[in-house]
Structure formats: C-alpha cells, structure tokens
Amino acid sequence: MKNFEYIYPKTMESIPKILKESNGKALLYAGGTDAIARIKEGIVKPSQLVNLKSLKTSNFIKEDADGLHIGALTRLVELINNADAQKYTGLIQAAKSVGSIQLRNMGTVGGNLCQRPRCWYFRSRHFPCLRKQGEICYAVDGENKYHCILGGDPCFIVHPSDLAPMLISLNASVRILGLEGSKEVKLEDFFVLPEKDPTRETILSKQEVLTEVVVPNKKVKSYFLKHKERKSLDFALVSIAVAGDVEGGKLNNIRITLGGVAPIPWRAKKTEEMLAGQTASEPLLEKAAEAELKDAVPLAQNEFKVYLTKNLLKRAIREFIAS
C-alpha cells in the first residue's frame, strides 16, 4: 500500500478546495466500506486520505415542509432507527437490505450512493478495463453472470447501491458542494451511463462532494424488494423500488426503479406508463413487465436476469399494492 497523508478537514465547505489542491490524488473517506477496499485492492493509490467522520454538521436527519433531509455522513443504522425516516417504508427496507449489521453501522448514506462498482475486472489491478481508462470491458467475453442487461454499452457494470433505486422512486434530490457553492439536482440525474463516460458513475467533478439527500414531503406508499444470491452480505442480483398511490385499486403517480440490472439505477418508465391509472390485473402486470425488458441485451451468462427481473417486477407491484 502506498503511503498517504491523513487529513482531518474542519468543515465540509473546505472539501472542494482540498480536492482541487490535491489534483485528483485525494480520496474521501467516511464509513470506509468502499474506500478502504479500493486502496487494499490497489485500484486507487491516493496521496491524501480525507477523513470526513468528524464533520458532524453533515450527519443529520430532519423533516420540514420541503421533506426529509438526510446528511451524506448519516450512517445507515441511524437512518433505519430514525422516527421521521420510518415514515418512508421502502427507504427503510432498502437500508436494512444493505450488507450486514456491522456494515450498516459503518456505511453512510452518501457512501452508499457514491460507491464504485463491484465488477471483479474493475476491482482487480490486473485488468486495465474501460472504467480505469483502458480500452476494453473484460466482462463482455469474460465472467458476466452478475453484469447488466440494460444500458450497458460499452461498459457492463451494475450500480451497487440499494438506497439509490428507492430514493429515485421517491423522487429524491441531492445537494452537491463545489468551489462555486452548492447546487441541487435530481438523484435520477446524478448517475452517468457508460455511453456518456465509461470511467465514472456520477456527475460529481473532482472538486465536488455530495452533502445531502432531500426526499420530497409527499406522502406516498413505497416498497423495496431485493433478490440476492446469498441471504446476507450480498449485493442485489435484481432489486425493485416502487413508490406511488393506490386509490380504489388504481395505481397513480407510480415510479419504479430497478437495481442490479444496469450501470445506473434504471427507471422502469415503460412499466410505469402502462400501469398509470390502471388496476393491476395479472395480464396487465405481465404486459408491463414484458414491455420494460423487451430491449434487454443479456450477456452469455446472465440471461436469467431477464426472467428474474420480469417476475420480481410483477411480484414487487403486487406486494406494493398489498402493503
């Protein structure tokens, strides 16, 4: 492991300047569940490790007229146990699905949204893949059981966050701090497809940091379903996040986001359009799920994800209605 300088910033506002002065050699560290792993794996060799843990001003959960405000340094366990956050059922389900108790005690909300992909080619120092500014996605002709079936050209990672799909379905925004101040963007617009830039997952520049998540104060039902290969300590093979209203058996304002199937949390807009204002009969659910997956392009080892996603999508909507 390369030697690095350990930095304890005094304020969140000082972070953009620290990042600029490091010239891309600084690594932000909060819970450390991803950052430390990348250092150990040798895929990042920072000159500076910027410890954010002491910045208590970015560890908060509060509710006001605008909605639920969650500081980026809020630990997942704090989110799960917060009385205001528990009003958002799907968000708590998503947070509880992350890793293990120990990881939820360490991991932060901002870290979960900004974590880097778990693709073994990206995580190995031996493969100079596209995401590390190489010339090839090794998953295309390699081991690709866990890779994406939607939106994957030219890089076929899946986004690993469990919180992101649910927060997108809840129409959340994030606040980003940079050298010129703070700005707010929809979380759905925070993530970057590989066709735009295969080396990054988010719109964050090298001098920016995520500081807060804002969930609109709109009382909607929400539900999160995650399917994984192991019962614990695992990332989603497929996850489904549903939010909206059910009135007289009809689905209104439905937002559905898929996890584990694309390089970004994937809005199931075709399914949403077919379900809008409708009663969710089995034939309709079948058509709506089929419509969303008809453009899926599986790799050699992950065609099962197409069928798995269709079935989980139907199941999630049924359980959302019944919840």
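No value in this document is a laboratory result; all are computed from the given coordinates. Since the model is a prediction, treat every value here as computed from it, not as a measurement. Heads up, the Cβs are rebuilt from the backbone with ideal geometry, glycines too, and the neighbour counts pull from every protein chain shown.
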(message) With only alpha-carbon pairs counted, each pair once and no self-pairs, how large is the Kirkwood hydrodynamic radius of the range 175-274 in angstroms?
(response) 15.9 Å
(request) Might you report the magnitude of the Cβ-based charge dipole of the chain about its Cα centre, with Lys and Arg at +1 and Asp and Glu at -1, to the nearest 20 debye? (result) 800 debye
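Rank by packing, highest mean first: peptides 258-265, 293-300, with packing defined as the count of other Cβ atoms within 10 Å averaged across residues.
The most tightly packed comes first, giving 258-265, 293-300.
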(message) At 0.36 nm per residue, and after removing the present C-alpha to C-alpha distance, how many nm does the segment from R315 to K294 gain when stretched out fully?
(response) 5.7 nm
(message) Can you find, among Y121, L313, G181, the residue sitting farthest towards the positive end of the charge dipole of the chain, where Lys and Arg contribute +1 and Asp and Glu -1 at Cβ?
(response) Y121
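Once the Cβ-Cβ distance between S14 and D189 is put in as r, and R0 is 25 Å, what FRET efficiency do you end up with, to the nearest 0.05? Please report the intermediate quantities before stating the final value.
Working: r = 26 Å, r/R0 = 1.06.
Once rounded, the FRET efficiency stands at 0.40.
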(request) Any chance you could check the Cα centroid distance between the range 221-276 and the range 25-89 for me, in angstrom? (result) 24 Å
(message) Could you compute how fast the range 1-112 diffuses translationally, taking Rh as the Kirkwood radius over C-alpha pairs and applying Stokes-Einstein at 20 °C with viscosity 1.002 mPa s? Give it in µm² per second.
(response) 141 µm²/s
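Any chance you could run the full-extension gain for S205 through L233? It's 0.36 nm times the residue separation minus the Cα-Cα distance, nm to one decimal. Don't skip to the end; give the middle numbers.
Working: separation 28, 0.36 × 28 = 10.08 nm, distance 3.06 nm.
That pair, S205 and L233, stretches by 7.0 nm at full extension.
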(request) Might you report the magnitude of the Cβ-based charge dipole of the range 1-143 about its Cα centre, with Lys and Arg at +1 and Asp and Glu at -1, to the nearest 20 debye? (result) 480 debye
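Stretched out fully, how many nm does the piece from E303 to E135 gain, at 0.36 nm a residue minus the Cα gap? Mind dumping the intermediate values first?
Numbers: separation 168, 0.36 × 168 = 60.48 nm, distance 2.51 nm.
Stretched out fully, the E303 to E135 stretch lengthens by 58.0 nm.
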(request) Scan [x] 59, 50, 35; [y] 55, 45, 43; [z] 61, 45, 37 for the value of Cα extents along the principal axes in Å calculated from this model and give just the label. (result) [x]
(request) Would you please put 100-109, 204-213, 276-285 in order of how densely packed they are, using the mean number of other Cβ atoms within 10 angstrom per residue and starting with the highest? (result) 204-213, 100-109, 276-285
